[in-house]
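The values are calculated or read from the model by the stated rules, or taken from the named source; none is laboratory data. Everything quoted here is computed from the prediction, not taken from an experiment. Here Cβ is always computed from backbone atoms with ideal geometry, including for glycine, and neighbour counts include all displayed protein chains. The protein model used for the area step is the full one, side chains on, heavy atoms only, and it has no ligands, DNA or RNA in it. Shrake-Rupley method; radii C 1.70, N 1.55, O 1.52, S 1.80 Å.
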Amino acid sequence: MPVSRHLPQRFLSALSRPLAALLLAFGLGAVTPVVAADAADSTMAIYEEVRFVDHLADLPADLAWMQKHDKPMMLFFHASYCGYCQKIDDEFLIPMRLDPDYQGRLIIRRVQIDSDDRFIGVDGKWKEPAAFADELDVRGVPYVLFFSPDGERIGEITGAAPAFYNHYLDRNVDRAERCAKDMSPAECREFIDQPGLQ
């Protein structure tokens, strides 16, 4: 029996309802992770419109908040091609982001050096991530820098040593927090000859 090239309207109508439901379900499924991520982000601390963890977007605003509250900044330099960066992110930075013990002590900013996303620099001009990394002598990723509220470098973690990374993070966050309040100890001046955020 030959198959008709045109389906009856009644069949199309009956078929369109399940198809529409299926498309709606797939559409909602595609949106759900974004909504879930936003819901998870909503539990993350926001201090007067400044997120605890975020991509670097507006350096002058971050510095103004840091100076007002005597809080340091941690900058995490990473790249899309860097497996070690992803490991540091998954095993240390994401748990740190969700840990209330870190919230309120500093702000964390991420810079993807191979991204086209620009941000506002200290001078109010747009900056490219790779050029910014060069200015700060970042020669590889993952690379973590700590800055005082005045933009002075006060700590760094180079490379990835997963067995000791928690120790390095804790030590540097503690030092950055102390130095944010008083830059006079020698440990706070250790990186004074290296480029800062100015």
Long-range amide H partners of His55 with built H, under 5 Å: Arg110
Neighbourhood net charge (11 Å Cβ-Cβ; Lys/Arg +1, Asp/Glu -1) for Ala133: -3
Surrounding net charge for Phe146, when Lys and Arg each add one and Asp and Glu each subtract one, Cβ distance under 9 Å: +1
Share of Cα-Cα pairs in segment 78-198 lying beyond 16 Å, as whole percent: 63
Restricting segment 138-185 to chymotrypsin sites (Phe, Trp or Tyr not before Pro) in coil, as DSSP defines it, with at most 11 other Cβ within 10 Å: Phe164
Sulfur and carbon atoms: percent of accessible area, segment 108-155 [1.4 Å]: 43
Simple label model, 7 Å out from Cα along Cβ direction - Glu190 to Ser115, nm: 2.8
Under 25 Å between alpha carbons - lysine pairs in segment 68-198 that sit 8 or more apart or on different chains: 6
Extension reserve of the Asp58-Tyr81 stretch, reckoned as 0.36 nm per residue once the Cα distance is removed: 5.8 nm
